[in-house]
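Just below is one structure, and these are the notes that go with it.
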Amino acid sequence: MIWFDLDNSPHVPLFAPVFRELEKRNISFDVTARDFAQTIDLLEMRGIPHTAIGRHGGKSKIKKILNLMERSRDLKKYIKNRPQGQEAIDLAVSHGSRTQLVAASGMKIRSLLMMDYEYTETRIFNRYADHILVPDIIPSGRLSSAGINLKKVIRYNGFKEELYLGTFISDESFRSSLGIGDGAVLAVIRPPGMLGNYHDSRSETLLIEAIEYFASFENCVILITSRSQKDRDFINENVKDKSSVRFLEKAVDGLQLLSTADIVLSGGGTMNRESALIGTKTYSIFTGKKPYLDEHLESIGRLTFINSKKDISQIKVERAREKTPFTFNKNIAGEVTDIIVSLLKYV
């Protein structure tokens, strides 16, 4: 049996196609999830059986360490106390779950860690992961220079977002379900990860400047997809004109949201790549070390990095009537599942 741990919202759509592939192959799996952002809501919305364990540790490094220890302990307890007669766990899989890596290592369960940002904190990854699954687009030199152990690296062909974007079909009625008229310009904004390990506070200034810039256009609706209460409070405290600012109050189909948007501006991560690959005009206010994948998307004209207030003023606030999606590897979900299943024989 394979144990998946999902500790952030993007991991739900990421692993859902893998779950379907495993079900087709009659391979059992168990899912644990951290109650953070919209992770639990999205699992429930998709009807994916799971067990919620733990929350985010917050911004403080001390609290993060304590949370790592506490959630790892709770995960170990859950796995050890599974009902008798259930299959033993043969492999632990996640996209960046440090707590699962520590727990799995303590129980001598082999692990496969997916990652696609080379500059994330890698000490735990290198020490505890048996295998590290990385997109083949990122050069080995970039990985090694970031401190990633190349001996553990396995490659797959494409962006991780292609696992689910290849089957995505846009719903033309989705915009109206949000109560947004066809004539309005919809700017979807994802704040930077203020609780993240690699957060850079410079992006907070760009966030406020971008919101105020979009708010200066009468026909622009600004929809904020919060990561946490912290970023919501930050926006409410710092944005002067909030008349056109709305917060997404419940989990929705994120891909439909990005597809119906005219502009997407995000603090980085999965949402930027989803939007860029769908073909929506995408802007990144991530001010840390730039991910190679995002640099690649910028080089092919699908993403623009925002570095200053002047860059923000260059954004055209207008309806996007036509979009050109990326040419996806539609076999990628099966290919990634093949890799996961192939590791079972080494257990």
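The values are calculated or read from the model by the stated rules, or taken from the named source; none is laboratory data. Note that the structure is a prediction, hence the values are computed from the model and not measured. With ideal geometry, Cβ positions are generated from the backbone for all residues, glycine too; neighbour counts draw on all protein chains shown.
For Gln229, all conditions in the list (1) more than 16 Å from Gln38 (Cα to Cα); (2) free of Cβ contacts under 8 Å to residues at least 40 places away in the same chain hold save one; what is the number of the exception?
The failed condition is (1).
Just need a number here: residues in the stretch 42-68 that are over 29 Å from Pro135 (Cα atoms) and modelled with pLDDT of 95 or more.
So the count comes out to 0.
If you scan the stretch 32-58, which residues turn out to be more than 17 Å from the chain's Cα centre (by Cα) and under 16 Å from Thr99 (Cα atoms)?
Once the filter is applied, which keeps residues that are more than 17 Å from the chain's Cα centre (by Cα) and under 16 Å from Thr99 (Cα atoms), the stretch 32-58 yields Thr51, Ala52, Ile53, Gly54, Gly57, Gly58.
Taking the options Gly334, Gly288, Gly268, name whichever one is under 30 Å from Ser111 (Cα atoms) and either over 19 Å from the mean Cα position of the chain (by Cα) or exposed (fewer than 13 other Cβ atoms within 10 Å of the Cβ) (or both). Steps first, please.
Numbers: Gly288 fails: either over 19 Å from the mean Cα position of the chain (by Cα) or exposed (fewer than 13 other Cβ atoms within 10 Å of the Cβ) (or both); Gly268 fails: either over 19 Å from the mean Cα position of the chain (by Cα) or exposed (fewer than 13 other Cβ atoms within 10 Å of the Cβ) (or both).
From the options Gly334, Gly288, Gly268, the qualifying one is Gly334.
Can Ser111 be described as closer than 30 Å to Lys323 by Cα, polar (S, T, N, Q), outside any loop (DSSP other than H, G, I, E, B) and under 21 Å from the mean Cα position of the chain (by Cα)? Quick ask: steps written out before the conclusion?
On the way: closer than 30 Å to Lys323 by Cα: no; polar (S, T, N, Q): yes; outside any loop (DSSP other than H, G, I, E, B): yes; under 21 Å from the mean Cα position of the chain (by Cα): yes.
No: the conditions fail for Ser111.
Restricting attention to helices (runs of 4 or more DSSP H) lying wholly within the stretch 240-347, give those where 1 or more residues are within 26 Å of Glu118 (Cα to Cα), polar (S, T, N, Q) and not assigned by TED's automatic domain parsing to the domain that holds Ile137.
Details: elements: 254-260, 270-278, 292-299, 309-313, 332-342.
Because the criterion is at least 1 residues that are within 26 Å of Glu118 (Cα to Cα), polar (S, T, N, Q) and not assigned by TED's automatic domain parsing to the domain that holds Ile137, the helices (runs of 4 or more DSSP H) in the stretch 240-347 that meet it are 270-278, 292-299.
From Gly193, Gly179, which residue is part of a loop (DSSP other than H, G, I, E, B) and under 19 Å from Gly269 (Cα atoms)?
Details: Gly179 fails: under 19 Å from Gly269 (Cα atoms).
Of Gly193, Gly179, the one residue that is part of a loop (DSSP other than H, G, I, E, B) and under 19 Å from Gly269 (Cα atoms) is Gly193.
Any chance the stretch 143-164 includes a residue that's among the acidic types (Asp, Glu), farther than 14 Å from Leu293 by Cβ and in contact (Cβ under 8 Å) with a residue 40 or more places away in the chain?
Step one: of the stretch 143-164, the residues among the acidic types (Asp, Glu) are 161-162.
If we keep only those that are farther than 14 Å from Leu293 by Cβ too, we end up with none.
No, every residue in the stretch 143-164 fails to be among the acidic types (Asp, Glu), farther than 14 Å from Leu293 by Cβ and in contact (Cβ under 8 Å) with a residue 40 or more places away in the chain.
Output the number of the condition that Gly254 fails; it satisfies all remaining conditions of (1) under 29 Å from Ile137 (Cα atoms); (2) among the small types (Gly, Ala, Ser); (3) touching a strand residue (DSSP E or B) at 6+ places or on another chain (Cβ under 7 Å).
For Gly254, the failing item is (3).
Given the conditions (1) in contact with a Lys or Arg (Cβ under 9 Å, 6 or more places away or on another chain); (2) outside the structural domain of Phe36 (by TED's automatic domain parsing), and given that Glu218 satisfies all but one, which numbered condition is not satisfied?
With respect to (1) in contact with a Lys or Arg (Cβ under 9 Å, 6 or more places away or on another chain); (2) outside the structural domain of Phe36 (by TED's automatic domain parsing), Glu218 is out only on (1).
Do we have any residue at all in the stretch 177-191 that's among the hydroxyl-bearing types (Ser, Thr, Tyr) and within 30 Å of Ile208 (Cα to Cα)?
Start the filter on the stretch 177-191 by keeping residues that are among the hydroxyl-bearing types (Ser, Thr, Tyr), which leaves 177.
Then keep just the ones that are within 30 Å of Ile208 (Cα to Cα); that gives 177.
The answer is yes; a qualifying residue exists.
Within the stretch 112-152, how many residues turn out to be over 25 Å from Val12 (Cβ atoms) and either surrounded by fewer than 20 Cβ atoms within 10 Å (Cβ to Cβ) or among the hydroxyl-bearing types (Ser, Thr, Tyr) (or both)?
Step one: list which residues in the stretch 112-152 are over 25 Å from Val12 (Cβ atoms), which gives 123, 126-127, 139-152.
After this cut, where a residue has to be either surrounded by fewer than 20 Cβ atoms within 10 Å (Cβ to Cβ) or among the hydroxyl-bearing types (Ser, Thr, Tyr) (or both) as well, the list is 123, 126-127, 139-147, 149-152.
So the answer is 16.
Are any residues in the stretch 219-245 surrounded by fewer than 18 Cβ atoms within 10 Å (Cβ to Cβ) and more than 20 Å from Glu204 (Cβ to Cβ), and if so, which ones?
Within the stretch 219-245, Asn219, Ser243 qualify.
Of the residues that sit in the stretch 271-281 and are touching a Ser or Thr at 6+ places or on another chain (Cβ under 7 Å) and farther than 14 Å from Thr225 by Cβ, which one is surrounded by the fewest Cβ atoms within 10 Å (Cβ to Cβ)?
If we take residues in the stretch 271-281 being touching a Ser or Thr at 6+ places or on another chain (Cβ under 7 Å) and farther than 14 Å from Thr225 by Cβ, then Gly279 is surrounded by the fewest Cβ atoms within 10 Å (Cβ to Cβ).
Identify, from the list Glu204, Glu209, the residue that is touching a residue at least 60 places away in the same chain (Cβ under 8 Å), part of a helix (DSSP H, G or I), closer than 21 Å to Ser284 by Cβ and acidic (Asp, Glu).
Numbers: Glu204 fails: touching a residue at least 60 places away in the same chain (Cβ under 8 Å).
Just a single option satisfies the conditions, and that option is Glu209.
Go through Ala261, Ala251 for me and flag whichever is under 15 Å from the mean Cα position of the chain (by Cα) and either within 24 Å of Val12 (Cβ to Cβ) or of a type in the set (S, T, N, Q) (or both). Give the derivation first.
Numbers: Ala261 fails: under 15 Å from the mean Cα position of the chain (by Cα).
Among Ala261, Ala251, only Ala251 is under 15 Å from the mean Cα position of the chain (by Cα) and either within 24 Å of Val12 (Cβ to Cβ) or of a type in the set (S, T, N, Q) (or both).
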